[in-house]
Amino acid sequence: MPRVVVDVTLKPEILDPQGQAILGALGRLGYTGVTAVRQGKHFELDVADNTDESVVAQIAETLLANPVIEDFTIRPAV
């Protein structure tokens, strides 16, 4: 049974307060060189061998992500 990964992130035009908080904390902890942080969600789905990627995309659009404010990517798990 293959495993696929769906990563969900806020669209670039949507403000990310959690990402901004992480960026601020990195600076306070002395980490330099990081200029932006975007947080997101990571899902791993075990799917049947014959499951089409379009089915996984439909799952992501209807349940895992809010397509109004979030983008998602689908990739095989490593």
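General observations
- Under 18 Å from the VAL55 label point (7 Å along Cα→beta-carbon), backbone N, region 1-40: 1-6
- The chain, accessible area per residue, ligands and nucleic acids excluded (1.4 Å, Å²): 71 Å²
- The stretch between THR73 and ARG28, if pulled fully straight at 0.36 nm per residue, gains 13.1 nm over its current Cα-Cα span.
- Square roots of five times the Cα gyration tensor eigenvalues for region 1-51, Å: 32, 13, 8
- Karplus 3J(HN,Hα) series, Hz, for region 31-44 with 6.51 cos²θ - 1.76 cosθ + 1.60 (x for Gly, Pro): 7, 10, x, 8, 9, 7, 9, 10, 9, x, 10, 10, 10, 10
- Each stretch of four or more DSSP H residues adds -39500 (n - 2.57); spread over every residue of the chain, this sum gives -7000 deg cm²/dmol at 222 nm.
- When the solvent-accessible area of the chain is split by element, carbon and sulfur atoms take up 57 percent of it, the probe being 1.4 Å.
- Applying both filters, DSSP loop and at most 11 other Cβ atoms within 10 Å, to the chymotrypsin sites (Phe, Trp or Tyr not before Pro) of the chain gives TYR31.
- Taking a ≥ b ≥ c as the square roots of the eigenvalues of the Cα gyration tensor, region 31-78 is oblate, since a/c reaches 1.5 or more and a/b is not larger than b/c.
The values are calculated or read from the model by the stated rules, or taken from the named source; none is laboratory data. Bear in mind the structure is a predicted one, so any value in this text is a computation, not a measurement. FYI the Cβ positions are ideal-geometry reconstructions off the backbone, even for glycines, and counts take in every protein chain you see. These accessible areas exclude ligands, DNA and RNA; they are computed on the full protein's heavy atoms, side chains included. Shrake-Rupley method; radii C 1.70, N 1.55, O 1.52, S 1.80 Å.
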